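Asks: One structure is given below, represented as structure tokens, and several questions about it will come after.
The values are calculated or read from the model by the stated rules, or taken from the named source; none is laboratory data. Keep in mind that this is a model prediction, so the values were computed, not measured. As a convention, Cβ positions derive from the backbone with ideal geometry for all residues, glycine included, and neighbour counts pool all protein chains shown. Quick note on the areas: whole protein, heavy atoms, side chains included, nothing else; ligands and nucleic acids left out. Shrake-Rupley method; radii C 1.70, N 1.55, O 1.52, S 1.80 Å.
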Amino acid sequence: MILLNIFETTLPLTNPTLKFLVILIIILSAPILLNRLKIPPLLGLIIAGAIIGPNGFNLLLRDSGIILSGTAGLLYIMFLAGLDINITEFKKNSSKSLLFGLYTFLIPMILGFLSSFYILKLSILSSVLVASMYASHTLIAYPILNKLGVNKNRAVTITVGGTMITDTLALLVLAIIVGMTTGEVNSMFWTKLSVSILGFGLIIMFLFPIIGRWFLKRYEDNTSQYIFILVMVFLGAELAEAAGIEPIIGAFLSGLALNRLIPSTSPLMNRIEFVGNAIFIPFFLIGVGMLVDYRVFFKDAETIKVAAVMTIIATSAKYIAAWITQKSFKFSLDERRLIFGLSNAQAAATLAAVTIGYNVIIGEQANGDPIRLLSESILNGTIIMILVTCTIATFSAQRGGKNISLKEASIIKNSNSENPEKILIPISNPDTIEELINLSTIIISKNNKKKLYALNIINNDTSDPDANEKANKLLDKAEFTAASIDLKLNKLLRYDINISNGISGVIKEHYITDLILGLHIKTGISESFMGNLIDGILSKCNTTTFVYKPVQPISTIKRHIIIVPPDAEQVIGFPFWLSKILNISKNTGSKLIFYAAEPTIRLIKNILAKHLIEADFKIFDDWNDFSIISNDAKMDDNLIIVLSRINKPSYNENMTKIPEYLDKLFQSNSFILIYPMQIGVKDNETIDLYNPAITH
């Protein structure tokens, strides 16, 4: 009796707790079981949805709760696609995205119209509408590539950009066809549509970044920041719908607009991806599976014929578009697999189009039955097409993504064996811990998850009985902050005669390559501080040293102004600090502006030619006058000043005036002071500036 009271005996289930339990069990078990069979987990969730759905064992209905969560999951996929995209590469490859978007729209439109008109014997309007369904696609496979770490590959960037083009054009075709059947396509229709789309685009791309930067600068609470991001996603989706286009376009543009405010290595990005991949996206995939009705195979021959034609045409057209794109841009076979895997899956826009077309009544038969723009056989054929194309897409994307990921992992492994990067963060102030950790996650190399160290030093002569407990609390806070972005932090507690001795000792013991020191926002930087820093730490260790004062979260920085002294390239540490600055731009998308002497600028330009980074260059060699830079600096800029140890080629006596410049000219700006590394080889000795290696 107790078990009967706990578990319902009638189907479909109506107990909300039990329904949610069933879905969670599926989300948990489907990937575990199917990974053993080498089947993509996303496909497993779709199959599971078909099994438990109303057309399967009828455990669950595709009710408003499933639809709501599924809609959120679809918007999440599109938002992540916009958020993850490399803005610089996106701009550089915009013409390629446009070309792919036209390929993947026009080829399915042509093949789709011909097959629908001549094989399926549909009317002209119905044929055009079915062809537009083939042209659109959904980035079902994107979470697979995100998990494999290849989501920033050039093929992915181009495909995501092309997706927006083809989906927008396909949905415009839908609006025009529906308007023509109802007689609403006139000059007013076109004027209203153009104005609404233009207004929607301007609001998201120009207003959303301003609102986002304002909020993230003022509210640092983790929960508030995450909820704010959700609000922006759904607001963008609603604005798109109000403009007459699909909400997925609004979600994607919202991600694009907030891209530079949410670094890929930030705790906020980690929370966004975690919740999406754990809850929202699986709900969407299960909801797609619930649409599948295996019984349509046994209804009549017409349904089977329609499903076969639709599936073959949709898959062939997308493959041809991917193949032409590969040949046009000389991409690899695996990159073609990525393009095909991302663009072949039919789901969201296709489902919207077939549902609207099915509900449009264009006449009546002699017996009174309605004549629909798209018949029931097209509706059923579309559901089968969705299942088959999603299956093919996930296998293709997973195969290409795994191959590319393995190649990149091999390169990174070889690089890491040459350059055992280790970053040390001495901590003493709880107010600066989070920003110091954030900076370290932005400059750290990709896939370096275990070489981050936090250090607290207790004076040997301390009389505080709680000193050990206080130190451990600070280290625990640092560990918690790092864990929020899946980084392992190594905690170090050390007793020593003073701080500088403790830091230099740890650097030598653990072979530290980078040292990050923090200044509190209310603490100024004085000549005495600089002197103590040089005498106390820099004179005892040779590692690259960063002194960071965060006035605002580093994720909200618009531009990084890098001031480089003449002959900086003559110092052995040059490529090491430069690689960290490049990581800042790669992980945040922020623009870099270099102020340096002409020879230094030429070298940096040559190095940046191999990286997709947005940068400007200005000739600057007068370290006695920083007013030129202060006139160019703006509110949300961060200063990065490269200094030098005494008696090095790049040393300038005017460097002693840096505290005065910062205090008078840049009070409202964050700044980072960099002292280049001196280790292993002599200055002016030949070194590969494009691939530096550290030797101990």
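Asks: Output the residues belonging to the range 385-404 that are open to solvent by 10 Å² or more (accessible area, probe 1.4 Å) and farther than 18 Å from residue 143 by Cα.
Replies: Scanning the range 385-404 gives a single hit, 388.
Asks: Condition (residue is open to solvent by 10 Å² or more (accessible area, probe 1.4 Å), more than 30 Å from residue 259 (Cα to Cα), hydroxyl-bearing (Ser, Thr, Tyr) and assigned to a helix (DSSP H, G or I)) applied to the range 88-108: is it met by at least one residue?
Replies: For the range 88-108, residues open to solvent by 10 Å² or more (accessible area, probe 1.4 Å), more than 30 Å from residue 259 (Cα to Cα), hydroxyl-bearing (Ser, Thr, Tyr) and assigned to a helix (DSSP H, G or I): absent.
Asks: Return yes when residue 220 is closer than 30 Å to residue 127 by Cβ, modelled with pLDDT under 85, of a type outside the set (S, T, N, Q) and outside any helix (DSSP H, G or I) and no when it is not.
Replies: So residue 220 fails the test.
Asks: Another question, if that's okay. So if I check each of 307, 353, 345, 349, which one is in contact with an Asp or Glu (Cβ under 9 Å, 6 or more places away or on another chain), within 29 Å of residue 12 (Cβ to Cβ) and of a type in the set (A, V, I, L, M)?
Replies: That would be 349, the only listed residue that is in contact with an Asp or Glu (Cβ under 9 Å, 6 or more places away or on another chain), within 29 Å of residue 12 (Cβ to Cβ) and of a type in the set (A, V, I, L, M).
Asks: If you don't mind, another one. So residue 69 clears everything in (1) open to solvent by less than 50 Å² (accessible area, probe 1.4 Å); (2) closer than 30 Å to residue 227 by Cα; (3) outside any helix (DSSP H, G or I) except one condition, right? Which one?
Replies: If we test residue 69 against (1) open to solvent by less than 50 Å² (accessible area, probe 1.4 Å); (2) closer than 30 Å to residue 227 by Cα; (3) outside any helix (DSSP H, G or I), just (3) comes out false.
Okay, residues lined up against (1) open to solvent by less than 60 Å² (accessible area, probe 1.4 Å); (2) in a helix (DSSP H, G or I):
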position: 174; (1), (2): yes, yes
position: 179; (1), (2): yes, yes
position: 192; (1), (2): no, yes
position: 208; (1), (2): yes, yes
position: 215; (1), (2): yes, yes
position: 224; (1), (2): yes, yes
position: 236; (1), (2): yes, yes
position: 245; (1), (2): yes, no
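Asks: Now a separate question. So which residues in the range 247-271 are part of a helix (DSSP H, G or I) and touching a Leu at 6+ places or on another chain (Cβ under 7 Å)?
Replies: 247, 248, 250, 251, 255, 258, 259, 261
Asks: While we're on this one: All but one of (1) open to solvent by 20 Å² or more (accessible area, probe 1.4 Å); (2) closer than 20 Å to residue 383 by Cβ; (3) hydroxyl-bearing (Ser, Thr, Tyr) hold for residue 319, so report the exception by its number.
Replies: Every condition holds for residue 319 apart from (2).
Yes or no, residue by residue, for (1) within 18 Å of residue 576 (Cβ to Cβ); (2) at pLDDT below 85:
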position: 603; (1), (2): yes, no
position: 612; (1), (2): no, yes
position: 621; (1), (2): no, yes
position: 634; (1), (2): no, no
position: 639; (1), (2): no, no
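Asks: In addition: Take residue 302 and tell me if it is of a type outside the set (A, V, I, L, M, F, W, C), part of a helix (DSSP H, G or I) and either modelled with pLDDT under 85 or farther than 30 Å from residue 60 by Cβ (or both).
Replies: In short, yes.
Asks: Filter the range 428-448 down to residues that are surrounded by 18 or more Cβ atoms within 10 Å (Cβ to Cβ) and over 25 Å from the mean Cα position of the chain (by Cα), then give me how many there are.
Replies: 1
Asks: Within the group 594, 576, which residue is out of contact with any Ser or Thr (no Cβ under 7 Å at 6 or more places or on another chain) and in contact (Cβ under 8 Å) with a residue 12 or more places away in the chain?
Replies: After ruling out the rest, the residue left standing is 594.
Asks: Could you please tell me which pairs satisfy a Cβ distance under 8 Å, a separation of 6+ or placement on different chains, a first residue in the range 646-660 that is polar (S, T, N, Q), and a second residue that is surrounded by fewer than 17 Cβ atoms within 10 Å (Cβ to Cβ)?
Replies: Listed pairs, sorted by first residue: 650/570; 654/624; 656/527.
Asks: Checking the structure you have, find out if any residue of the range 227-249 is without any contact (Cβ under 8 Å) to a residue 12 or more places away in the chain and small (Gly, Ala, Ser).
Replies: Scanning the range 227-249, I find no residue that is without any contact (Cβ under 8 Å) to a residue 12 or more places away in the chain and small (Gly, Ala, Ser), so the answer is no.
Asks: Could you check, for the range 468-480, whether at least one of its residues is modelled with pLDDT of 85 or more, under 20 Å from residue 542 (Cα atoms) and surrounded by 16 or more Cβ atoms within 10 Å (Cβ to Cβ)?
Replies: no
Asks: Do any helices (runs of 4 or more DSSP H) entirely within the range 1-65 hold 1 or more residues that are within 23 Å of residue 141 (Cβ to Cβ), at pLDDT 85 or above and open to solvent by 70 Å² or more (accessible area, probe 1.4 Å), and if so, which?
Replies: Helices (runs of 4 or more DSSP H) meeting the threshold: 16-36, 41-52.
Asks: With 468, 498, 472 as the choices, which residue is without any contact (Cβ under 8 Å) to a residue 60 or more places away in the chain and closer than 17 Å to residue 429 by Cβ?
Replies: The unique qualifying residue is 472.
Asks: Among residues belonging to the range 244-255 that are of a type in the set (A, V, I, L, M) and at pLDDT below 85, point out the one that is farthest from residue 143 (Cα to Cα).
Replies: Checked the range 244-255; the qualifying residue farthest from residue 143 (Cα to Cα) is 245.
Asks: Follow-up. Can you pull out the residues in the range 332-347 that are among the aliphatic types (A, V, I, L, M) and open to solvent by less than 20 Å² (accessible area, probe 1.4 Å)?
Replies: 338, 339, 342, 345, 347 - these are the residues of the range 332-347 that are among the aliphatic types (A, V, I, L, M) and open to solvent by less than 20 Å² (accessible area, probe 1.4 Å).
Asks: Assess whether residue 417 counts as being open to solvent by less than 70 Å² (accessible area, probe 1.4 Å), at pLDDT below 85 and among the hydroxyl-bearing types (Ser, Thr, Tyr).
Replies: So residue 417 fails the test.
Asks: So, one more: Among the residues of the range 352-381, write down those that are within 14 Å of residue 138 (Cα to Cα) and crowded, with 20+ Cβ neighbours inside 10 Å.
Replies: 353
Asks: Moving on to the next point. Please find, within the range 288-316, the residue that is surrounded by the fewest Cβ atoms within 10 Å (Cβ to Cβ) out of those that are among the small types (Gly, Ala, Ser) and touching a helix residue (DSSP H, G or I) at 6+ places or on another chain (Cβ under 9 Å).
Replies: 308
Asks: Considering only residues that are open to solvent by less than 10 Å² (accessible area, probe 1.4 Å) and touching a residue at least 40 places away in the same chain (Cβ under 8 Å), which ones fall in the range 449-465?
Replies: 455
Asks: Somewhere in the range 625-636, is a residue open to solvent by less than 10 Å² (accessible area, probe 1.4 Å), under 25 Å from residue 440 (Cβ atoms) and aromatic (Phe, Trp, Tyr)?
Replies: Checked the range 625-636: no residue is open to solvent by less than 10 Å² (accessible area, probe 1.4 Å), under 25 Å from residue 440 (Cβ atoms) and aromatic (Phe, Trp, Tyr).
Asks: Still on this structure: Report, by residue number, each residue of the range 146-160 that is crowded, with 23+ Cβ neighbours inside 10 Å, in a helix (DSSP H, G or I) and in contact with a Ser or Thr (Cβ under 9 Å, 6 or more places away or on another chain).
Replies: Matches in the range 146-160: 155, 157, 158, 159, 160.
Asks: Something else: Which of the residues belonging to the range 269-287 are open to solvent by 10 Å² or more (accessible area, probe 1.4 Å) and not aromatic (Phe, Trp, Tyr)?
Replies: Matches in the range 269-287: 270, 271, 273, 275, 277, 278, 279.
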